[in-house]
Every structure is written in structure tokens, then in C-alpha cells.
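Below is one structure, written out as C-alpha cells; the observations come after it.
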Amino acid sequence: MHCRGTLPTGIARAAIAVRLLLALILITPLGLLPSGRAEETYEERQARLDRERQSQRDLEDYMDRWRANRAACQFSAIAYSESTKRWGYGWGKESRGEAEREAIRQCKADDAKAMCWAKGGWYCALADGPKSYGAAMAATAEEAQAKALKFADEVAPGSKIVLCFGGEPIKIIRRD
């Protein structure tokens, strides 16, 4: 799976094919066809248009798969400060460490620590209460919230969800 910021070789080739196709489309009104003939028959035109439409669909399908693979490689994290009750989050990062560092940075507290992390479309949730807190990750927002509340309520009841985020596309639920 390719997760870097550069385009995979297949996309680069597809981009070149699209440029050539655009060049062909721009040249065609001038009466110059790749065959060297000034005009094309109805059947030739339909066949060419069918090929162009199929090429466009193939490129769109490839880009959709590339975006899905890229999203599957991205990390999210939640950080929490017990002393200040502040929290922060990082998402869309290429590594767990990057996501955790961003979450801690947003927390803006010396004692901030990463509480949970998730990859791809998974969710992270943070529950906070007067005497306890908890964080969890899960495949759905509801599961992550339920787990975070369970962890917090094991210490002391009365916690509430203050943050839940994740999914593809990302959804952020904040309750300040």
C-alpha cells in the first residue's frame, strides 16, 4: 500500500494518458487526427468517444482506490491533561507518532499524554468527568464513546463524552 505524499507510478502514468487525451481533443477540431486523415467516420468517432469515456472511468476508479488506500494509512490520536482537563487531537497524519505529537501540542499542558490512537476510518473518543476520564478507539463512533465512558465510569461515575472523531470522511463531535 502506498501512503506517501507522492503519486504512485500508476497515477503518474494515468495523468500522462489524460494529458495525451486532452492534446488529442484539442487537435481534433483543427482537422488533424492521429490517423493522418482529415475526417473520421461516424463509427470511428463513436469508437473513439467510447474509448475516451472508458479511459476517464478507469482513471476515476483508480483515483477513488488511491484515496481510499491513503485514508486507510492515516492516523488519529487524542491527548489529555489530567491537571488542566484540557484535551487535544491530531488526525490525518502519516504515523501514530505524528498524530500523538499533534494531539499533545494542541492540549497545551505540560502533563498532556496521548490517551488513544486510531488508524484509517476508526474513531477515537474521550470521556471526562469530575473525578475520572477515559479514552477509547473503535470501528464506530458509538462503540468508541461507549468504551470511553465505561473506562471513565470504572473509576468514578458522572463522566461525559467531550470529544469523538474519526471515520472517512472525518467527523468531529466536540462537547466543550
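List pairs: first in segment 134-158 and touching a residue at least 12 places away in the same chain (Cβ under 8 Å), second outside any helix (DSSP H, G or I) and surrounded by fewer than 19 Cβ atoms within 10 Å (Cβ to Cβ), Cβ under 6 Å, 6+ apart or cross-chain?
Close Cβ pairs (under 6 Å, with a partner that is outside any helix (DSSP H, G or I) and surrounded by fewer than 19 Cβ atoms within 10 Å (Cβ to Cβ)) amount to ALA152/GLY129; ALA152/SER132; VAL155/SER132; ALA156/LYS131; ALA156/SER132; GLY158/GLY129; GLY158/PRO130.
What pairs can you find where one residue is in segment 45-61 and in contact (Cβ under 8 Å) with a residue 40 or more places away in the chain, the other is part of a helix (DSSP H, G or I), and their Cβ atoms are less than 7 Å apart, with a gap of 6+ or different chains?
LEU59/ALA14; LEU59/VAL18
Of all residues in segment 28-62 being out of contact with any Leu (no Cβ under 8 Å at 6 or more places or on another chain) and surrounded by 14 or more Cβ atoms within 10 Å (Cβ to Cβ), which is modelled with the highest pLDDT?
Applying the filter and picking the extreme gives ARG48.
Which ones in segment 124-169 are within 24 Å of the chain's Cα centre (by Cα), among the acidic types (Asp, Glu) and surrounded by 15 or more Cβ atoms within 10 Å (Cβ to Cβ)?
GLU143 - this is the single residue of segment 124-169 that is within 24 Å of the chain's Cα centre (by Cα), among the acidic types (Asp, Glu) and surrounded by 15 or more Cβ atoms within 10 Å (Cβ to Cβ).
Just to be sure I understand, how many residues within segment 79-95 are closer than 17 Å to CYS164 by Cβ and either hydroxyl-bearing (Ser, Thr, Tyr) or outside the structural domain of SER159 (by TED's automatic domain parsing) (or both)?
Qualifying residue count for the region: 2.
The values are calculated or read from the model by the stated rules, or taken from the named source; none is laboratory data. Please read all numbers here as calculations on a predicted model, not as lab measurements. Neighbour counts run over all protein chains shown; Cβ positions are idealised from the backbone, glycine included.
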